[in-house]
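The values are calculated or read from the model by the stated rules, or taken from the named source; none is laboratory data. Here the structure is a predicted model, which means the values were calculated and not measured. When the accessible area is computed, the model is the full protein with side chains, heavy atoms only, and any ligands, DNA or RNA have been set aside. Shrake-Rupley method; radii C 1.70, N 1.55, O 1.52, S 1.80 Å.
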Amino acid sequence: MNANESIQERVAEIQGKGALKAEATVERVLKELYRIGFSDLRRVFDADGRLLRPEEWDDDTAAAVASVEVVTRNIGDGEVERVHKIKVWDKNSALEKLAKHLGMFIERVEHSGSMSLNVLPEDAEL
């Protein structure tokens with residue numbers, strides 16, 4: 001084994017340990033993509049349509065939410081209105097990545113124009 005191969009093996013080993021330490025595995029990435037791609041925002045509300053507190057959300061729903069913004073407005077006579085804005089991660093992107101992983105999309109390259117079978121110049125020696 002030459003020095004270059006030894007260095008490459010060591011780098012791969014360190015990267016592998018780092019990924020394990022960060023728990024970055026193929027399974028975990030796919031699970032997170034699944035959570036986003038198949039999220040259902042109805043789960044952030046109770047039966048009466050009121051927003052649940054984030055700690056009441058299930059893990060799949062919480063993973064799909066990118067942010068929550070609360071806007072407080074004074075509507076007069078000491079009354080306050082709160083508007084909750086919920087932003088979720090991009091479902092289309094997550095589903096596209098899952099579909100590619102599953103081989104659901106076939107990448108095709110189309111070529112228009114003439115095609116020549118002569119790939120070598122005519123005067124080339126074989």
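Here are a few things to note about the model shown:
- Rounded to the nearest 10 Å², the accessible area of Thr25 at probe 1.4 Å: 50
- Couplings 3J(HN,Hα) of segment 42-54, computed from phi: 4, 6, 8, 10, 7, 5, 8, x, 8, 5, 6, 5, x Hz, in residue order, whole Hz [Karplus 6.51 cos²θ - 1.76 cosθ + 1.60, θ = phi - 60°; x for Gly and Pro].
- Per-bin percent of Cα-Cα distances, segment 28-88 [10 Å]: 20, 44, 24, 9, 3, 0
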